[in-house]
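S.K.: Once you've had a glance at the structure underneath, I'll fire off some questions.
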Amino acid sequence: MSLPEMKRILLSVPHMGGSEEAYVRSAFLSNWLSSVGPNVAGFEKEFQERIGLPSVALSSGTAAIHLALRLLGVREGEEVFCPSLTFVATANPIRYLGASPVFLDSDRATWNLDPEILASALKERALRNRLPRAVIAVHLYGQSADMGPILETCKRYEVPVLDDAAEALGARYKGRPVGTLGEVAAFSFNGNKIITTTGGGMLVSRNPDWADRARFWATQARDPSIAYEHSEMGYNYRMSNVLAGIGRGQLRVLDERIRQRRAIAFRYRDALVDLDGISLMPQAPYGFHTNWLSCFLIDAERFGCSRDELIRILDAANVESRPVWKPMHLQPLYMRCEHYGGEVAEDLFRRGICLPSSSSLTLGEQLYVVNVIRKAAGAPLLRELETRLQQYEEMQSCGIA
Ligand SMILES: Cc1ncc(COP(=O)(O)O)c(C=O)c1O
């Protein structure tokens, strides 16, 4: 079961499409080697064509969340609702503004913000006359949160919604692109994302004035005069013209990357279908899940080993895997913040595992990972992933599986 001279199989690596270098070269040839230039303008325009909303290219998804919160008027001493089950970059920008996060539990059916917990938390806060300034809806691992009820509840209390779509570029909610339903949204092009600029982000908003405001703040809030005059505080948050070139090339292969990531997740699911105690992250019927990462839940007793043991076994076999995000209400940094519920997030963290999901993962590599998992569960190994998957498909079409 070993691959000769095998390189480590990583969780999620960059995957260039081929045209990126030409865009980068054009930046060098034209000497546009700063945060202005045709690639920045082109990347924003092409992203806007894809998403349908004014877009601002930034140095990171975290910067996009920071500016988005500022656009929503978050100020010192205020509070922002945020799912507990997320990466820390969702919550940190709340603190950058001197505000405090309040963490909410996830819905087991989607792993995202639980609309019922949100409704009861907002109701309780309204009674105390202490509504949050904003709600962040995170779209985890490529799957949209259930935006219908979330938006409806937030509208009732007049609390705006920020979409943290860092992990969900290409996902959809009832046919609409994720990141277009709230007031403002953030995307990430970090090296592990479905497309990358090595590091970078995009802020999008339905309100074109907000996009202009974000662009202004991202360039040190320099007033429109020849002198260096500033009336507001700004940041150095613009994306460079070189990296925007990578983004333009990557955007051209986004649909292919989505197809590849989904195929990987469903291949894992089908190749492990006969094992007890391991199940793919739910695919909510309202949406289109990109499966940016292939995430599974382990039931130790039924599977035969715990999630942590499985991570160790995979590591020893030279395969990188990771636990699902550690909830924010359990983090030393945030454990003193208020939270509503948290048991679902804790359970998903304790039992959830992210498997290698790079769009460049080969069938041979995936077969290897699958067999390490099958061995850990004491199940017979697969000799050939494609053959086995064909068998499943045939069994399914005959109604046997
Ligand atoms: C949910 C979530 N929010 C925000 C971010 C921040 O994005 P970036 O790394 O581009 O700053 C990430 C990823 O890194 C993320 O996974």
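Computed from the coordinates by the stated procedures, all read-outs in this text should not be read as laboratory data. All values derive from a computational prediction rather than experimental measurement. Neighbour counts are summed over all protein chains in view; Cβ atoms, including those assigned to glycine, are modelled from backbone coordinates with ideal geometry.
S.K.: How many residues does the range 328-349 hold that are of a type in the set (Ser, Thr, Tyr) and under 22 Å from the mean Cα position of the chain (by Cα)? Explain how you work it out, then say what you get.
M.R.: As a first pass, look at the range 328-349 and keep what is of a type in the set (Ser, Thr, Tyr): 334, 340.
Narrowing further to those that are under 22 Å from the mean Cα position of the chain (by Cα): 334.
Final tally of qualifying residues: 1.
S.K.: Quick check on my filter: what residues within the range 285-318 are of a type in the set (A, V, I, L, M) and over 24 Å from Asn190 (Cβ atoms)?
M.R.: If the condition is that a residue be of a type in the set (A, V, I, L, M) and over 24 Å from Asn190 (Cβ atoms), then Leu297, Ile298, Ala300, Leu310, Ile313, Ala316, Ala317 are the ones that fit.
S.K.: Here is a follow-up. Out of Gly247, Gly304, report the one residue that is of a type outside the set (Phe, Trp, Tyr) and under 24 Å from Ile194 (Cβ atoms).
M.R.: Working: Gly304 fails: under 24 Å from Ile194 (Cβ atoms).
The match here is Gly247.
S.K.: Just wondering, is there one or more residues in the range 186-193 that are surrounded by fewer than 21 Cβ atoms within 10 Å (Cβ to Cβ), closer than 25 Å to Cys295 by Cβ and more than 11 Å from the ligand (Cβ to nearest atom)?
M.R.: no
S.K.: Exactly one condition in (1) more than 14 Å from Arg257 (Cβ to Cβ); (2) out of contact with any helix residue (DSSP H, G or I) (no Cβ under 7 Å at 6 or more places or on another chain) is false for Lys193; which is it?
M.R.: The one condition Lys193 does not meet is (1).
S.K.: Can I ask one more? Quickly run through the range 13-71 and pick out the residues that are farther than 17 Å from Ile194 by Cα, under 18 Å from the mean Cα position of the chain (by Cα) and of a type in the set (Phe, Trp, Tyr).
M.R.: Matches in the range 13-71: none.
S.K.: Just the residues that are basic (Lys, Arg) and crowded, with 17+ Cβ neighbours inside 10 Å, please, taken from the range 310-335. Write out each step before concluding.
M.R.: Step one: of the range 310-335, the residues basic (Lys, Arg) are 312, 322, 326.
Once the filter is applied, which keeps residues that are basic (Lys, Arg) and crowded, with 17+ Cβ neighbours inside 10 Å, the range 310-335 yields only Lys326.
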